[in-house]
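What follows is a single structure, written as structure tokens, with notes after it.
The values are calculated or read from the model by the stated rules, or taken from the named source; none is laboratory data. Treat the numbers as computed from the prediction; the structure is a model and nothing was measured. All Cβ positions, even for glycine, are placed from backbone atoms using ideal geometry, and neighbour counts span all protein chains on display.
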Amino acid sequence: MTTAGFLPLAFQAMPEAEMLERTERFEALMRRRRTVRDFSPEPVPRAVIESAIRTAAGAPSGANQQPWTFVAIADPTRKARIRVAAEAEEKAFYESRAGAEWLEALAPLGTDWRKPFLETAPWLIVILQQRWGVRPDGRKAKHYYATRRLVMVECRERTSCADVRRGRAVAPGTSSRHCRGSPGCH
């Protein structure tokens, strides 16, 4: 295996008691985590969003390619256009594409096609797949293992998983096609 210019891992072993204490703190933090569809409208500084995106952009990926682009949206007009497109997609899903078993699984959650939180959250962060990239020598490179999703991050509480400490909740969509060909998703 080659190390092609990678920085070596600065691994620091720790005593077993410290490992246990850290994993227990992490577990307690994860047990508090919730997926919600209710967001605070309180402003979040752009610098916080940018820091969270820089953290996420460096996440491990297939072949270490990080094949994604992040788009942070705070503009109310664009958020409204995204909501219209997302609700049209979700309405079609709930009314014609979701099977009875899927709808039964969703029923206890009380979710439906309405997505008002897309306008309430101070920021929407759209993560777009990069299917192709450019190698250092200029040749085209296919990217693997990436998906496209629409997520909303509400950053009022400054703790989250893996010590990223950037956000409190992520609300996943039931479809990955929210922005495909939709106005406001450029």
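Odds and ends about this structure:
- All helices (runs of 4 or more DSSP H) inside the range 1-100 with 1 or more residues being among the charged types (D, E, K, R) and in contact with a strand residue (DSSP E or B) (Cβ under 9 Å, 6 or more places away or on another chain): 46-57, 76-92
- Leading residue by the ranking (nearest to Pro41 (Cα to Cα)) among those in the range 79-114 that are of a type in the set (Asp, Glu) and surrounded by fewer than 17 Cβ atoms within 10 Å (Cβ to Cβ): Asp112
- Some residue of the range 137-149 being within 25 Å of Phe39 (Cβ to Cβ) and touching a Leu at 6+ places or on another chain (Cβ under 8 Å): yes
- Close pairs from the range 66-91: first β-branched (Val, Ile, Thr), partner assigned to a helix (DSSP H, G or I) and surrounded by 15 or more Cβ atoms within 10 Å (Cβ to Cβ), Cβ under 8 Å, at least 6 apart: Ile73/Lys79; Ile73/Ile82; Ile82/Leu118
- Boolean, Ala74 is surrounded by 13 or more Cβ atoms within 10 Å (Cβ to Cβ) and farther than 30 Å from Asp112 by Cα: no
- The numbered conditions (1) assigned to a strand (DSSP E or B); (2) modelled with pLDDT of 50 or more are all true for Met152 except (2).
- Test set (1) within 23 Å of Thr35 (Cα to Cα); (2) more than 20 Å from the chain's Cα centre (by Cα) - Thr120 fails condition number: (2)
- Matching residues in the range 1-58 - criterion: being touching a residue at least 40 places away in the same chain (Cβ under 8 Å), within 30 Å of Trp113 (Cβ to Cβ) and over 17 Å from the mean Cα position of the chain (by Cα): Ser40, Pro41, Glu42, Pro43
- Residue within the range 122-143 that is of a type in the set (Phe, Trp, Tyr), closer than 29 Å to Phe6 by Cβ and either touching a helix residue (DSSP H, G or I) at 6+ places or on another chain (Cβ under 8 Å) or part of a strand (DSSP E or B) (or both) present: yes
- Scanning the range 129-144 for residues that are under 30 Å from Ala85 (Cα atoms) and surrounded by fewer than 17 Cβ atoms within 10 Å (Cβ to Cβ) yields a total of 7.
- Any hit, the range 25-38, residues being out of contact with any Asp or Glu (no Cβ under 6 Å at 6 or more places or on another chain), surrounded by 13 or more Cβ atoms within 10 Å (Cβ to Cβ), among the charged types (D, E, K, R) and modelled with pLDDT of 95 or more: no
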